[in-house]
Amino acid sequence: MKLIGGFGSPFVRRVAASLNLLGLDWEHEAVAVFDNPDAVRKHNPLVRVPTVVLDDGEPLVESYAILDALDEIAGDTKRLIPASGAARRKVMQLTAVATGSMDKAVWAYYEYRFHPAEKVHEPWVEHNEAQVLGGLGYLDGIAKAAGKGWLAGTDRISQADVSATVALGFANRARPNLGASEKFPNLAAFAARCEAMDEFSSVKP
Ligand SMILES: N[C@@H](CCC(=O)N[C@@H](CS)C(=O)NCC(=O)O)C(=O)O
């Protein structure tokens with residue numbers, strides 16, 4: 001299968017690290033969506049990344065839906081989101097906080113990237129940045145409680161761990177002014193542990 005989109009996108013990167021952790025065969029098409037929208041549009045009417053194209057040409061869009069499909073393809077012994085019950089809820093909820101932080105960091109970043117300087121609305125940037133900090137601060141508390149374990153208390157790495165790690169890295173790159181790693185040392189130490197794994201280090205932004 002093919003993963004379309006650059007690893008600078010946290011949504012693409014969480015799919016890439018997940019593909020590695022699931023042990024699936026994949027190739028990368030590092031399309032910059034704003035520079036080359038047609039390369040994405042032919043598979044995804046929303047013209048967003050990540051977009052995955054399965055070997056038979058079937059396109060998958062939206063990282064949640066992509067990861068759900070990949071878990072199913074990899075099978076129950078490898079899945080990163082437990083199939084049911086309290087463990088699934090926990091992983092999904094922590095993942096939602098992590099992806100919410102990604103969303104809000106993207107929104108703050110886009111405010112500068114796509115508006116002329118005189119149209120940037122600083123209170124809106126600050127609103128989004130506060131939400132980034134809220135989400136990462138919550139995950140910092142979870143990381144502290146988890147100690148040397150995984151964030152959702154699973155016996156192996158889960159999507160919560162993948163997405164929290166990617167979310168912190170993205171916040172540091174897109175909103176360095178926030179000093180997220182300094183503010184959240186437990187999450188930073190946890191993310192450093194994950195980033196040292198080949199599955200993450202091979203998909204650096
Ligand atoms: N909720 C989407 C978010 C994807 C997203 O925001 N991707 C950005 C790159 S980080 C994108 O494609 N932006 C292009 C656009 O929205 O026009 C997902 O999880 O896949």
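Quick notes
- Portion, in percent, of the accessible area of region 1-149 that falls on carbon or sulfur, probe 1.4 Å: 54 percent
- Viscosity 1.306 mPa s, temperature 10 °C, Stokes-Einstein D of the chain from Kirkwood C-alpha radius, µm²/s: 92 µm²/s
- Positive-pole candidate from A146, N20, A69, dipole of the chain, charges at beta carbon: A146
- Pairwise centroid distance, computed over Cα atoms, of region 129-184 with region 2-53, Å: 23 Å
- Net charge dipole, region 2-74: roughly 340 debye, given to the nearest 20, about the Cα centre with Cβ charges of +1 for Lys and Arg and -1 for Asp and Glu.
- Ranked from largest, the principal axis spans of the Cα set of region 121-196 equal 44, 20, 19 Å.
- Distance histogram for region 1-104 (every C-alpha pair counted, 10 angstrom bins, percent rounded to whole numbers): 15, 48, 31, 6, 0
- Most to least packed among 32-42, 93-103, 177-187 [average Cβ atoms within 10 Å]: 93-103, 177-187, 32-42
- Once the 1.4 Å probe is applied to the protein heavy atoms, the chain comes out at 48 Å² accessible per residue.
- Gain on full extension, evaluated as 0.36 nm per residue between R113 and D38 minus their Cα-Cα distance, stands at 25.0 nm.
- Y64 exposes around 90 Å² of accessible area when a 1.4 Å probe is run over every protein chain in place.
- Along its first, second and third principal axes, ordered by size, region 60-165 spans 53, 35, 19 Å in Cα coordinates.
- Considering only G8, V97, N36, the residue lying farthest towards the positive end of the dipole of the chain is V97, judged by Cα position with unit charges set on Cβ.
- In region 85-201, lysine pairs closer than 18 Å at Cα, eight or more apart or cross-chain: 4
- Taking GluC sites (Glu not before Pro) across region 5-80, the ones in a DSSP loop with at most 16 further Cβ atoms lying within 10 angstrom of their Cβ are E62.
- Set of lysines near K42 by C-alpha distance (under 25 Å), chain-local residues within fewer than 8 positions excluded: K2
The values are calculated or read from the model by the stated rules, or taken from the named source; none is laboratory data. Because the structure is a prediction, the values reported are computed rather than measured. Here the Cβ is made from the backbone with ideal geometry for all residues, glycine too, and neighbour counts use every protein chain on show. Accessible surface is based on the protein model in full, side chains and every heavy atom, while ligands, DNA and RNA are left aside. Shrake-Rupley method; radii C 1.70, N 1.55, O 1.52, S 1.80 Å.
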